[in-house]
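Peer 1: The structure is given below, and queries will be raised subsequently.
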Protein chains: 2
Amino acid sequence: MKIVALAGGVGGAKLAQGLAQTLPPEDLTIIVNTGDDFEHLGLSISPDLDTVCYTLAGLANNETGWGRAGETWNTISNIEKLGGPAWFRLGDQDFATHLERTRRLKEGQSLSQITSEFCKAWGIQVTVLPMSDSPVRTMVDSDEGELAFQEYFVHRHCEPRVKGFRFDGVEAAKPAPGVSEALEAADAVIFCPSNPWVSIDPILGVVKEINKPVVAVSPIIGGKTVKGPAAKMYSELGIEPSALAVAKHHRSTLKGFVLDHLDASMEEQIRQLGLATLVTNTLMNLPTDRSRLANDVLNFIGSL
Amino acid sequence: MKIVALAGGVGGAKLAQGLAQTLPPEDLTIIVNTGDDFEHLGLSISPDLDTVCYTLAGLANNETGWGRAGETWNTISNIEKLGGPAWFRLGDQDFATHLERTRRLKEGQSLSQITSEFCKAWGIQVTVLPMSDSPVRTMVDSDEGELAFQEYFVHRHCEPRVKGFRFDGVEAAKPAPGVSEALEAADAVIFCPSNPWVSIDPILGVVKEINKPVVAVSPIIGGKTVKGPAAKMYSELGIEPSALAVAKHHRSTLKGFVLDHLDASMEEQIRQLGLATLVTNTLMNLPTDRSRLANDVLNFIGSL
């Protein structure tokens, strides 16, 4: 069974790793959101791509949910001493990724080429693709005006109230090489438990149409997110944050929906949207939870 | 007594520190070679400026003669793992200097402004000026063709045989703000024990004329340099490397010349060039040697 998984950061990366531990590498392609990408300190930073790759390579810092394990902070702390911007905490190992990516981009390599070569260097066997080689930038419309995503997310700690989103450049952005081919070859597509508004929607904005059975795993459990602002965004947009809200958000694209036992009471309402459902443990606290959930999702797809 | 010191890297930085320990901060301006500056990994790197500033701030790595003390190497080793260029060894703390300088240059700040603000952040009280805010690039003519300075110096370990030098951009480069004013206000000028060909000459190429008494400290002791390729360059250019050769090189600009006891036999020949001489210990092995030599040189200037 050939699978394409769509992923944002932390939650997406965890399920992506579970799938990578379960499927033969040639049967899994992970398409990653690049709407969070930005330029900072002269560097091209791709937070979701890096979280997915670091996680797949076993290099991720599982405590913070971003950056690398065993990190040191000598560069950023010295930038701070010089009066430079230090609100985006980049570790010394992490800086290498951004410096080398930026150098290669300036040399004319594409983000997808660079990602492929970084994956090779990090020993990642599955295919990881940015959604596009063209810049797409998530802009957050808020009560304080429009903010670039990282400005909203990291610098302002998601404090401004969200009113909507815009994916700057999405009309012109073509899917990265390999994205359409992977979707064409796929038996099914999985939306990892990532933010519907700012992780999955930007990818769908680029990919536009998916003509394969799609199953989404809810990033909202018991009205909350494990990490990230999805629940807060739903509330501020006037929608009760819930697995049901996620299912409704993606309903036109979905064939099946995976929700947590904690939300089992919503299963019937989700079925009434015309979706097949799987109720299981979707929390991935332990490393073993990742492949367990991946197996559950794959079995669910097999049963559709 | 107001002093302007011209300096390249290691040797220059040591005497500059000695002078800074001896003179009131308002009486010392250090003009630093920027002919070694280059762009690498997308960063604007100023090796001599950094060596001088790190040394003055007590942050320098005295063992290597470049970079910072207590350095870690997590960024460069990860760049290497990704297949990036790692021949120029930048430490994690050092990267902060280059990242923040590059960010500010892109924002439109000048190198001299940035240097001034970095000095403030590092607690340096004397004035440190780049020779120019415009790029001047030392090019080495060699038996392998023309090489950019760092390519010759670091990447190729000074292996190609030197045939000459060219300072790209020197005609158009104006002295940085403060350089001419400092020379105007100075009672005397000191050439620190730096490479005549690639540290002092590029500064003189920008400054053009010095109408003040100039004293040079020989960077060559017993036919050798403490650090750097000056002696090798002299040999390859067909000149016996010696204190005498340095005195001859700078003779038209000099009033006095400081040489080591080891070279005392050349004192008479140097006097015959029309220069006053001081024979003293010019090696600066110990930190206390720096202020001792500075005192010797200042007393020598006072006696002229």
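The values are calculated or read from the model by the stated rules, or taken from the named source; none is laboratory data. The shown structure was predicted, so the numbers you read here are calculated from the model rather than taken from an experiment. Counting neighbours? That spans all protein chains shown, and the Cβs are built from the backbone with ideal geometry, glycine included.
Peer 1: Answer yes if at least one residue in region A:238-251 is touching a Leu at 6+ places or on another chain (Cβ under 8 Å) and among the acidic types (D, E), and no otherwise.
Peer 2: We begin by selecting, within region A:238-251, every residue touching a Leu at 6+ places or on another chain (Cβ under 8 Å); these are A:243, A:247-248, A:251.
When the remaining residues are screened for being among the acidic types (D, E), the result is none.
No, region A:238-251 contains no residue that is touching a Leu at 6+ places or on another chain (Cβ under 8 Å) and among the acidic types (D, E).
Peer 1: Looking at region A:46-89, which of the residues that are under 30 Å from B:K120 (Cα atoms) and touching a Lys or Arg at 6+ places or on another chain (Cβ under 7 Å) is surrounded by the fewest Cβ atoms within 10 Å (Cβ to Cβ)?
Peer 2: A:G84
Peer 1: Let me ask another. In the list B:V206, B:V198, B:V170, B:V215, which residue meets the criterion of being part of a strand (DSSP E or B), within 18 Å of the chain's Cα centre (by Cα), modelled with pLDDT of 95 or more and on the phi < 0 side of the Ramachandran plot? So that I can check it myself, show each step before the final result.
Peer 2: Working: B:V206 fails: part of a strand (DSSP E or B); B:V198 fails: part of a strand (DSSP E or B); B:V170 fails: part of a strand (DSSP E or B).
Residue meeting the stated conditions: B:V215.
Peer 1: How many residues are surrounded by fewer than 24 Cβ atoms within 10 Å (Cβ to Cβ) and β-branched (V, I, T) if we restrict to region B:90-123?
Peer 2: Residues in region B:90-123 being surrounded by fewer than 24 Cβ atoms within 10 Å (Cβ to Cβ) and β-branched (V, I, T): 1 in total.
Peer 1: Which condition number does B:A148 fail, the rest of (1) more than 30 Å from B:T277 (Cβ to Cβ); (2) crowded, with 19+ Cβ neighbours inside 10 Å being met?
Peer 2: (2)
Peer 1: Can you tell me which residue among B:D36, B:D48 is outside any loop (DSSP other than H, G, I, E, B), modelled with pLDDT of 95 or more and under 19 Å from B:A230 (Cβ atoms)? Spell out the reasoning first.
Peer 2: Working: B:D36 fails: outside any loop (DSSP other than H, G, I, E, B).
The match here is B:D48.
Peer 1: Of all residues being within 11 Å of chain A (Cβ to nearest Cβ) and in contact (Cβ under 8 Å) with a residue 24 or more places away in the chain in region B:58-93, which is nearest to B:D37 (Cα to Cα)? Just the residue, please. Step through it out loud before you land on a result.
Peer 2: Initial filter on region B:58-93 (within 11 Å of chain A (Cβ to nearest Cβ)): B:59, B:68, B:70-86, B:90-93.
Narrowing the set further to residues that are in contact (Cβ under 8 Å) with a residue 24 or more places away in the chain leaves B:59, B:68, B:79, B:84-85, B:90-91, B:93.
Details: B:L59: 20, B:R68: 18, B:I79: 21, B:G84: 20, B:P85: 17, B:L90: 14, B:G91: 17, B:Q93: 18 Å.
For region B:58-93, the residue satisfying everything is B:L90.
Peer 1: May I pose another question? Which residues, taken from region A:94-123, are facing chain B (nearest Cβ under 8 Å) and more than 14 Å from B:G83 (Cα to Cα)?
Peer 2: Listed by number, the residues that qualify are A:F95, A:K106.
Peer 1: If you take the residues in region A:262-275 that are of a type in the set (A, V, I, L, M, F, W, C) and free of Cβ contacts under 8 Å to residues at least 40 places away in the same chain, which one is farthest from A:N61 (Cα to Cα)?
Peer 2: Filtering region A:262-275 for residues that are of a type in the set (A, V, I, L, M, F, W, C) and free of Cβ contacts under 8 Å to residues at least 40 places away in the same chain, the one farthest from A:N61 (Cα to Cα) comes out as A:L273.
Peer 1: Something else about it: Applying the selection to region A:163-207, what residues are of a type in the set (D, E, K, R) and either over 30 Å from A:G223 (Cβ atoms) or in contact with an Asp or Glu (Cβ under 6 Å, 6 or more places away or on another chain) (or both)?
Peer 2: Start the filter on region A:163-207 by keeping residues that are of a type in the set (D, E, K, R), which leaves A:163, A:166, A:168, A:171, A:174, A:181, A:184, A:187, A:201.
Passing the criteria: A:K163, A:D168, A:E171, A:K174, A:E181, A:E184, A:D187.
Peer 1: Any residue at all in region A:19-39 that's free of Cβ contacts under 8 Å to residues at least 60 places away in the same chain, over 15 Å from the mean Cα position of the chain (by Cα) and within 14 Å of chain B (Cβ to nearest Cβ)?
Peer 2: yes
Peer 1: Just to be sure I understand, how many residues within region A:1-33 are hydroxyl-bearing (S, T, Y) and assigned to a strand (DSSP E or B)? Full working, then the answer.
Peer 2: Applying the first criterion (hydroxyl-bearing (S, T, Y)) to region A:1-33 yields A:22, A:29.
Applying the additional criterion that residues be assigned to a strand (DSSP E or B) yields A:29.
Counting residues in region A:1-33 that are hydroxyl-bearing (S, T, Y) and assigned to a strand (DSSP E or B) gives 1.
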